[in-house]
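Participant: This is the structure I want to talk about, given as structure tokens.
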Amino acid sequence: MNPHRLKAYLYLLLASIIWGIAGPIIKLTLGEIRPDIFLFYRFFLSTLVVIPFTLKGGLHLPTRRPKVMFMVFLFAFLNSTASLGLLFWGTSKTSLLSMSLISLFSPLVLVLFGYFFLHDHLTKRERIGTLIAFTGAFILSIAPILMVNQESGQLLGNVLVFLSVICGALAGILVKKLMQEEVSPLTLVNMTFIVGLITVTPIVIWQNGLVPTISTIIHLPFTFHLGIIYMAVLSGNLAYYLNNLGQRTIEVSEAAPFSYLYPIFSAILAVFLLGDRLTPTIIVGSIIIFIGVFLAEWKKRRYN
């Protein structure tokens, strides 16, 4: 195997493992801190990591192209405050297992959006697979109203996670367009955290007040600080960078299957570490999602 291709696979695999471990960390940490404060703290730490690199090399923003600049800021907002905010809020209200399985639908939503917005080719089998996977994700999302003795907030949590998937897919479309405009992948990663911090800060201050927010962060138990540091530095700066390195070397069709790995890692950890239950509805929804994913990806792997 080509050594450059092998490195790309290793980069993507490592990023998937980091993001898979992030699921339980998010769930456990949200038991001690509100989602908006969690997000603020994470973006603050990630931005601190970004600042030295930004001061040294600059952001290389396309300032002379207003349309592209708007796309950069829109991408950064969707990739940070919108998608992660919805994900954290949803995860705080639903099980990690449901969150992970609904997230399996994310790459297929990106393929579907690519078909509509970028006019990417979508085969009949891919359309069928996407529809089947959507059905499975829908079943998982509405599971709380199909089952007895479920918390009322879980339905909202599942819907928020699904909306996070939509925001992430829109960000994926924008990043493809921005790559075509020759905007640096590192610039997009750095802008994600900077714009995230700028946009989430007013929300946190309005919801909690500046002093109570700082007090909450200061008085967090040490283990929760470690969890958020993991999310900021490893699951944030490092994993995004590794993912970009992998995406740069191999084709999009080869990189796409790695997007299914971290929700699976999170789902396995949810069952064995957090004790999430594999209910009949979750099992049925998961099987349907896996069938849809297999149909869509098998077609691409066969012909690419």
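Participant: In sequence order, what are the phi-derived ³J(HN,Hα) couplings for segment 200-214 according to the Karplus relation 6.51 cos²θ - 1.76 cosθ + 1.60 with θ = phi - 60°, rounded to whole Hz, with x for glycine and proline?
Facilitator: These are the phi-based 3J(HN,Hα) values: 7, 4, x, 5, 5, 5, 5, 6, 10, x, 5, 5, x, 5, 4 Hz.
Participant: Using the number of other C-beta atoms within 10 angstrom as an exposure proxy, rank PHE38, PHE290 with the fewest first.
Facilitator: With the fewest neighbours first, PHE38, PHE290 line up as PHE290, PHE38.
Participant: Using 7 Å Cα-to-Cβ label points, what is the TYR241/PHE53 separation (nm, one decimal)?
Facilitator: Here the answer is 0.5 nm between the modelled labels.
Participant: While we're on this one: Work out from phi, with θ = phi - 60° and the Karplus expression 6.51 cos²θ - 1.76 cosθ + 1.60, the ³J(HN,Hα) of each residue of segment 184-194, listed in order in whole Hz, and give x for Gly and Pro.
Facilitator: With coefficients 6.51, -1.76 and 1.60, one gets 4, x, 5, 4, 5, 5, 4, 5, 4, 6, 5 Hz.
Participant: Could you derive backbone 3J(HN,Hα) for segment 81-89 from the dihedral phi with the Karplus parameters 6.51, -1.76 and 1.60 (θ = phi - 60°), listing whole Hz in sequence and x where the residue is Gly or Pro?
Facilitator: 4, 5, 5, 6, x, 5, 5, 5, 4
Participant: Using a 10 Å cut-off around each Cβ, can you sort ILE287, ILE33, ILE21 from fewest to most neighbouring Cβ atoms?
Facilitator: Ascending number of Cβ neighbours within 10 Å: ILE287, ILE21, ILE33.
Participant: Once you place label points 7 Å from the Cα toward the Cβ at LEU14 and LEU226, how far apart are they in nm?
Facilitator: Label-label distance for LEU14 and LEU226, simple model: 2.2 nm.
Participant: How long are the three semi-axes of the equivalent ellipsoid for segment 13-136, computed from the Cα gyration tensor as the root of 5 times each eigenvalue, in whole Å, largest first?
Facilitator: After scaling each eigenvalue by five and taking roots: 28, 25, 13 Å.
Participant: Quick check: Cα centre of segment 225-245 to Cα centre of segment 100-118, how many Å?
Facilitator: 23 Å
Participant: By count of other Cβ within 10 Å, fewest leading, how are MET191, MET71, MET179 ordered?
Facilitator: Neighbour counts put them in this order, fewest first: MET179, MET71, MET191.
Every number in this text was worked out from the coordinates using simple rules, so none of it is lab data. Owing to the predicted nature of the structure, the values given are computational and were not obtained by experimental measurement. Every residue, glycine as well, gets a Cβ built from its backbone with ideal geometry; the counts of neighbours run over all protein chains shown.
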